[in-house]
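Participant: Sharing a structure with you now.
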Amino acid sequence: MSQDLRSFLDLAAAQGHLVRLSRPVDPDTQAAALLYELERHDKVGLFEHIAGKSGRLVGNLVGRRDLLALAMGVHPAEFAATFADRLQRRIPPRPIQGPAPVQEVVLQGDTADLTRLPLIVHATRDAAAYITAGIVIAHDPRTGRRNVSINRMQLKGPRKMGIRMMPPQQLGVIQSHAEADSRPLPIAVAIGNFPLDLVAAATTLPFGDDELGLAGALRGEPVPMTRGVSVDLDVPARAELVLEGYVEPNVREAEGPFGDFLQFYVPVMDNHVFRLTAVTHRQAPILQAIHAGSKEDVNLLGISREAQVMAAAVATGAHVCGVRLLPTILGCAISIEQKYQGEAKNAGMAALGAYRWLKYCIVVDHDVNVDELDDVWWAVSTRSNPSDAITVVDRSGGFPRDPFGVHNSKALIDATIPLGEWSEFERKVAPGAATVRLEDFL
Ligand SMILES: Cc1cc2nc3c(=O)[nH]c(=O)nc-3n(C[C@H](O)[C@H](O)[C@H](O)COP(=O)(O)O)c2cc1C
Ligand SMILES: [Mn+2]
């Protein structure tokens, strides 16, 4: 089966996790709230009718990790280990055999019109509708190497968008190389992707390491590509839609405000400007929207960072059972099977050091489910003594956009029980807990 958005939607449907929204949805006043509704219900949603726009929209596409695991062809319990293994591998993309679905419809010049697309307003004070789930493809003019990342883009006109891409983010660095020669930077923005490609795009690899090579490794086969119609770039041939164009050199314009991933609005800032040269798409394309800071956003950014934290904690010699970044990528819970007193602190410090933005790290015992915040907080409140459980590291630095200095220290919370005291701390279990079901008694 082809690995693309449509096959993934089939997979979600087969698992009973796809809902179709057949009634018209207003892109400015309803769609964003429905994304939260989808998250609350843990469903992938296909919006079949966005009022006044042409094309469909998918929401909460990567909210469920079990579906991502199935997309990788493994059992959900194997997800983290499989990702960590494939993160070390690369399968480079290759040209598609036969016609490219993404170029079934080609629009250039005045017929290419961004205002026709089902782009939505994500938060009440946002400046405009935004693209939040596009993967941006560019080549460094100095090395020729490709980079792929996710960057928000503000709708500004039929053929103009603002784009957020500041160094040290690699697209920003690449653009600065083009700008040094006063050259426009050609880019392609693919929307409606196979979810594993989004995971790859949200992963920070060393500069020059092509995220599409990781996407291929996650898929287990190359991402099929085709040549852009107006730019000298290859684009994902089975994406739903591609915007082709360029980033203007030496131009910055106001972009924002935008409700960003810490749930705050980032203020108006001077950012880059994208000029559209072509839109290509499939018939009845399905675009995608992601809420910054939503569970799926944390999934996308968290998966690779959890692998990083896991590797660091394991390197201390700890037996690590689980790592989860929740509910933002600034906090994490690690469960370990503790072998000696103090091991939790060593594992937690390694985690805090390995991932720069990590601000709070909570270490729990192996019987605590790190995917459930309630469970983690239960462990903190029942098993830790605040006077010695909390270790603060001053002035360690963290998330960089920090005008009020709330991210420049780190804390570790050791919520593990005193070593060897299982009989005192064992959780009670109701008789029949594993087998008795309410529905059998109705
Ligand atoms: C939904 C979503 C939106 C994002 N928006 C931006 C953005 O506007 N600007 C940015 O610098 N990074 C953004 N990111 C993060 C980058 O895509 C991510 O850090 C990526 O790994 C950067 O690629 P690079 O390592 O090649 O620089 C976003 C991530 C997600 C999942
Ligand atoms: Mn990169």
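Participant: Mean residue ellipticity at 222 nm from the helices of the chain, using -39,500 (n - 2.57) per DSSP H segment of n ≥ 4 over the full residue count, to the nearest 500 deg cm²/dmol?
Facilitator: Calculated from helices alone, the mean residue ellipticity at 222 nm is -7500 deg cm²/dmol.
Participant: Kindly put 416, 203 in sequence by how many other C-beta atoms sit within 10 Å of each C-beta, fewest to most.
Facilitator: Going from least to most buried by this count: 203, 416.
Participant: Something else now. Which listed residue (380, 315, 409) has the Cα farthest towards the positive end of the charge dipole for region 296-425, taking +1 on Lys and Arg C-beta and -1 on Asp and Glu C-beta about the Cα centre?
Facilitator: Checked the options; the winner is 409.
Participant: Name the residue from 41, 172, 442 whose Cα lies farthest towards the positive end of the charge dipole of the chain, charges +1 on Cβ of Lys and Arg and -1 on Cβ of Asp and Glu.
Facilitator: Of the listed residues, the answer is 172.
Participant: Net charge near residue 253: determine it from the other residues with C-beta under 10 Å of the C-beta of residue 253, scoring Lys and Arg +1 and Asp and Glu -1.
Facilitator: For residues surrounding residue 253, the net value is 0.
Participant: Mind checking the dipole of the chain: about its Cα centre, +1 per Lys or Arg Cβ, -1 per Asp or Glu Cβ, Debye to the nearest 20? Write down the numbers at each step before the final one.
Facilitator: On the way: 44 positive and 52 negative charges, 188 e Å.
Here the size comes out at about 900 debye.
Participant: To continue, here is another question. Pairs of alpha-carbon atoms within less than 8 angstrom and 6+ residues apart define the contacts here; what relative contact order does region 296-425 have, in percent?
Facilitator: Numbers: 253 pairs, mean separation 29.8, N = 130.
Over region 296-425, the number comes to 23 percent.
Participant: Pick from 105, 242, 429: which residue has the top mean-square fluctuation in a GNM of the chain where Cα pairs under 10 Å get a spring?
Facilitator: Of 105, 242, 429, the most mobile in the Gaussian network model is 429.
Participant: Give the angle, between 0 and 90 degrees and rounded to the nearest 10, that separates the Cα long axis of helix 373-383 from the longest principal axis of the Cα atoms of the chain.
Facilitator: So the helix axis and the longest Cα principal axis differ by about 30 degrees.
Participant: Test of understanding: given the chain, find the longest segment containing no GluC sites (Glu not before Pro) that are in a DSSP loop and have at most 11 other Cβ atoms within 10 Å.
Facilitator: That gives 1-420 as the longest site-free run.
Participant: Between the helical axis of 343-354 and the dominant principal axis of the chain, each derived from Cα atoms, what acute angle in degrees is found, rounded to the nearest 10?
Facilitator: Tilt of helix 343-354: around 20 degrees.
Participant: Then there is this: Out of 290, 163, 417, any idea which swings most in a Gaussian network model of the chain, alpha carbons joined below 10 Å?
Facilitator: 417
Participant: How big is the charge dipole of region 38-120 about its Cα centre, in debye rounded to the nearest 20, if each Lys and Arg gets +1 on its Cβ and each Asp and Glu gets -1 on its Cβ?
Facilitator: The calculated dipole for region 38-120 is roughly 200 debye.
Participant: Moving on to the next point. Between beta-carbons, use under 14 Å as the cut-off and find the net charge around residue 36, counting Lys and Arg +1, Asp and Glu -1.
Facilitator: Values: positive: 40, 43, 295; negative: 37, 39, 42, 296, 297.
Once positives and negatives cancel, what remains is -2.
Participant: Estimate the FRET efficiency between residue 265 and residue 54 by the formula 1/(1 + (r/R0)^6), using the beta-carbon distance for r and 41 Å for R0, to the nearest 0.05. Intermediate results must be reported in sequence, preceding the final value.
Facilitator: On the way: r = 30 Å, r/R0 = 0.73.
The value I calculate is 0.85.
Participant: List the relative contact order of region 5-284 as a percent without decimals, with contacts defined as Cα pairs under 8 Å and 6+ residues apart.
Facilitator: That works out to 22 percent.
Participant: Of 327, 185, 271, whose Cα points farthest to the positive end of the dipole of the chain (charges on the beta-carbon: +1 Lys, Arg; -1 Asp, Glu; origin at the Cα centre)?
Facilitator: 185
Participant: With axes computed from alpha carbons, what is the tilt in degrees of helix 31-41 against the longest principal axis of the chain, rounded to the nearest 10 within 0 to 90?
Facilitator: Helix 31-41 sits at roughly 30 degrees to that axis.
Participant: Sort 428, 345 so the one with the fewest other Cβ atoms within 10 Å of its own Cβ comes first.
Facilitator: Going from sparsest to densest Cβ surroundings: 428, 345.
Participant: Going by Cα centres, region 420-437 and region 1-37 are how many Å apart?
Facilitator: Region 420-437 and region 1-37 have Cα centres separated by 39 Å.
Participant: Further question: For region 229-308 and region 353-383, compute the distance between their C-alpha centroids and round to whole Å.
Facilitator: One Cα centre to the other: 32 Å.
Participant: Around residue 147, what is the net charge, scoring Lys/Arg as +1 and Asp/Glu as -1 over all other residues with Cβ under 11 Å from its Cβ?
Facilitator: With Lys, Arg at +1 and Asp, Glu at -1, the net is -2.
Participant: Oh, and also: Taking θ = phi - 60°, what integer Hz values does the Karplus form 6.51 cos²θ - 1.76 cosθ + 1.60 yield along region 129-136, in sequence order, with x for Gly and Pro?
Facilitator: Per-residue couplings from phi come out as 6, 10, 8, 10, 10, x, 9, 9 Hz.
Participant: Please identify, among 408, 369, 299, the residue showing maximal mean-square fluctuation in a Gaussian network model of the chain using a 10 angstrom Cα cutoff.
Facilitator: Between 408, 369, 299, it is 408 that shows the largest mean-square fluctuation.
Participant: Just how large is the dipole of region 90-243 about the Cα centre, in debye to the nearest 20, putting +1 at every Lys and Arg Cβ and -1 at every Asp and Glu Cβ? Working shown, then result.
Facilitator: Working: 16 positive and 15 negative charges, 43 e Å.
Dipole magnitude for region 90-243 comes out near 200 debye.
Participant: Each residue of region 253-269 in order: what ³J(HN,Hα) in whole Hz does its phi give by Karplus 6.51 cos²θ - 1.76 cosθ + 1.60, θ = phi - 60°, with x for Gly and Pro?
Facilitator: 3J(HN,Hα) across region 253-269, in whole Hz: 9, 4, 9, x, x, 8, x, 9, 6, 8, 6, 9, 7, 7, x, 4, 9.
Participant: Note down the nm distance, to one decimal, between modelled labels 7 Å out along Cα→Cβ at residue 14 and at residue 160.
Facilitator: 4.7
Participant: Would you mind ranking 329, 131 by Cβ crowding within 10 Å, fewest neighbours first?
Facilitator: Least to most surrounded, the residues fall as 329, 131.
Participant: Relative contact order for region 332-381: what is it in percent, counting Cα pairs under 8 Å that are at least 6 residues apart?
Facilitator: Computed over region 332-381, the figure is 43 percent.
Participant: Between residue 388 and residue 314, what is the label-point separation in nm under the 7 Å Cα-to-beta-carbon projection?
Facilitator: In this crude spin-label approximation the distance works out to 3.1 nm.
Participant: Enumerate the calculated ³J(HN,Hα) couplings along region 216-225 in order (Karplus 6.51 cos²θ - 1.76 cosθ + 1.60, θ = phi - 60°), each rounded to whole Hz, writing x wherever the residue is Gly or Pro.
Facilitator: Calculated HN-Hα couplings, in order: x, 5, 5, 6, x, 7, x, 6, x, 10 Hz.
Values in this text are rule-based calculations from the coordinates and carry no lab data. What you see is a predicted model; the values in this text were computed from it and never measured. Here the Cβ is made from the backbone with ideal geometry for all residues, glycine too, and neighbour counts use every protein chain on show.
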